[in-house]
Amino acid sequence: MEISLIIRTPGTLPSRCERVQDFIQSAIDQGHQIRQCFFQGAGVSVAVCEQTLPRWRQLAALTGAELLVCSQAAEAYALTVSDPFVIAGLGSLIESAVNADRLVSFV
């Protein structure tokens, strides 16, 4: 099963971010594929959270999933992102949601 995620969990709450990461790892362990993680709203701060960044890099390398940061939210939070995160628009989220088997949201 291909899964896409919308992540609104703020990077300022590392324990909640770790739950998202644990979900991704569990899905992979069960044979599912992660298509995309779309970070929206306060979730864009995950892209600059030093505490959880190493594991995001590991998961991106393991899954090949796109880690997309909402362009509007990145602008609102004045964020500059680095690899493996990429700034993208809502069109990318919509395309992924249409093509994935499941869309899971974390708040």
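The values are calculated or read from the model by the stated rules, or taken from the named source; none is laboratory data. Note that the coordinates shown come from a computational prediction; the quantities given were computed from them, not determined experimentally. As a convention, Cβ positions derive from the backbone with ideal geometry for all residues, glycine included, and neighbour counts pool all protein chains shown. To get the accessible areas, we keep the full protein, side chains included, count just its heavy atoms, and leave off ligands, DNA and RNA. Shrake-Rupley method; radii C 1.70, N 1.55, O 1.52, S 1.80 Å.
If you scan segment 82-107, which residues turn out to be of a type in the set (D, E, K, R) and either touching a helix residue (DSSP H, G or I) at 6+ places or on another chain (Cβ under 8 Å) or at pLDDT below 95 (or both)?
83
Scan segment 80-90 for residues that are outside any strand (DSSP E or B) and either open to solvent by 50 Å² or more (accessible area, probe 1.4 Å) or in contact with a Ser or Thr (Cβ under 6 Å, 6 or more places away or on another chain) (or both) and jot them down.
Of everything in segment 80-90, those that are outside any strand (DSSP E or B) and either open to solvent by 50 Å² or more (accessible area, probe 1.4 Å) or in contact with a Ser or Thr (Cβ under 6 Å, 6 or more places away or on another chain) (or both) turn out to be 80, 82, 83, 89, 90.
Taking the options 74, 61, 27, name whichever one is surrounded by fewer than 14 Cβ atoms within 10 Å (Cβ to Cβ) and either within 20 Å of residue 100 (Cβ to Cβ) or among the small types (Gly, Ala, Ser) (or both).
61
Considering (1) in contact with a strand residue (DSSP E or B) (Cβ under 9 Å, 6 or more places away or on another chain); (2) free of Cβ contacts under 8 Å to residues at least 24 places away in the same chain; (3) not hydroxyl-bearing (Ser, Thr, Tyr), say which one residue 72 fails and leave the rest.
It fails just one condition, (1).
Listed here are the residues, each with its yes/no results for (1) farther than 14 Å from residue 106 by Cβ; (2) charged (D, E, K, R); (3) without any contact (Cβ under 8 Å) to a residue 40 or more places away in the chain.
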| site | (1), (2), (3) |
| --- | --- |
| 6 | no, no, no |
| 9 | no, no, no |
| 12 | yes, no, yes |
| 17 | no, no, yes |
| 21 | no, no, yes |
| 29 | yes, yes, yes |
| 39 | no, no, no |
| 63 | yes, no, yes |
| 80 | yes, no, yes |
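Please determine whether any residue of segment 64-79 is assigned to a helix (DSSP H, G or I) and under 13 Å from the mean Cα position of the chain (by Cα).
Checked against the condition, which is being assigned to a helix (DSSP H, G or I) and under 13 Å from the mean Cα position of the chain (by Cα), segment 64-79 yields no hits at all.
Could you list all residues from segment 36-58 that are touching a Ser or Thr at 6+ places or on another chain (Cβ under 8 Å), surrounded by fewer than 18 Cβ atoms within 10 Å (Cβ to Cβ) and at pLDDT 95 or above?
Of everything in segment 36-58, nothing turns out to be touching a Ser or Thr at 6+ places or on another chain (Cβ under 8 Å), surrounded by fewer than 18 Cβ atoms within 10 Å (Cβ to Cβ) and at pLDDT 95 or above.
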